[in-house]
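Before any comments, here is the structure.
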Amino acid sequence: MIYVTRRVEFSASHYYHNPNLSPEENRSIFGKCNNPHGHGHNYTLEVTVAGEVDPVTGMVMDLKDLKKLLEQEVLQLMDHRFLNKEVPAFASTIPTTENIAVEIWRLLAPKLVFGKLHRIRLYETPDLFVDYYGD
Ligand code: NI
């Protein structure tokens with residue numbers, strides 16, 4: 001098994017709010033992130049696909065195809081968007097780094113033709129990231 005990774009960047013804004021909590025609880029848990037006007041991040045996304053090397057092509061999958069898939073499935077949906085208001089999945093789910101990673105997995109996993117999705121790594125800042133392995 002070999003692992004290939006593609007990295008892309010996107011920018012998005014969000015805020016953290018749980019409608020089942022009181023305004024005071026929301027402010028206490030989420031602090032500045034609870035401001036409904038939102039704030040932005042420059043996210044770095046790393047998508048890792050696991051597979052065997054095809055003896056004909058010498059590749060697990062064509063990484064140009066992976067880039068195209070990321071543009072179609074993730075960047076078109078999330079880049080330069082207010083995640084809470086413009087991405088349907090985050091109308092009812094708080095767009096934390098964790099939940100964004102899970103949503104990206106959900107979008108990409110069924111679309112891979114070669115290899116299988118191994119890991120979503122999403123950086124919210126250069127020194128903060130989450131890893132998701134699909135379970
Ligand atoms: Ni934030």
Item to check | Taking the convex hull of Cα positions in the chain, its mean projected area over all directions (nm²) | outcome: 8.7 nm²
Next on the checklist: Roughly how far apart, in whole Å, are the Cα centres of segment 60-112 and segment 1-21?
Outcome noted: 7 Å
Next on the checklist: Let me cross-check H80: its accessible surface, 1.4 Å probe, with only protein heavy atoms counted, in Å² to the nearest 10?
Outcome noted: 140 Å²
Next on the checklist: Taking 41 Å as R0, compute the FRET efficiency from the Cβ-Cβ separation of A50 and L21 and round it to 0.05.
Outcome noted: 0.60
Checklist entry - For the chain, with only Lys/Arg (+1) and Asp/Glu (-1) charged at the beta-carbon, what is the dipole magnitude about the Cα centre, in debye rounded to 20? => result 180 debye
Item to check | Exposed chymotrypsin sites (Phe, Trp or Tyr not before Pro) absent - longest run of the chain, DSSP non-H/G/I/E/B, at most 16 other C-beta within 10 Å | outcome: 1-113
Checklist entry - Which residue, T97, T57, T48, tops the fluctuation ranking in a GNM of the chain built on C-alpha contacts under 10 Å? => result T57
Checklist entry - With every protein chain present, what is the per residue accessible area of the chain (1.4 Å probe, Å²)? => result 59 Å²
Checklist outcome for this item: If unit charges are put on Cβ atoms (+1 for Lys and Arg, -1 for Asp and Glu) and the dipole of the chain is taken about its Cα centre, the option from F82, Y132, L21 lying farthest towards the positive end turns out to be F82
Checklist outcome for this item: Whole-percent carbon and sulfur contribution to the accessible surface of segment 2-132 (1.4 Å, no ligands, DNA or RNA) stands at 53 percent
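The values are calculated or read from the model by the stated rules, or taken from the named source; none is laboratory data. Everything quoted here is computed from the prediction, not taken from an experiment. Every residue, glycine among them, receives a Cβ derived from its backbone with ideal geometry; neighbour counts consider all protein chains shown. What goes into the accessible areas is simple: the full protein's heavy atoms, side chains included, and nothing from ligands, DNA or RNA. Shrake-Rupley method; radii C 1.70, N 1.55, O 1.52, S 1.80 Å.
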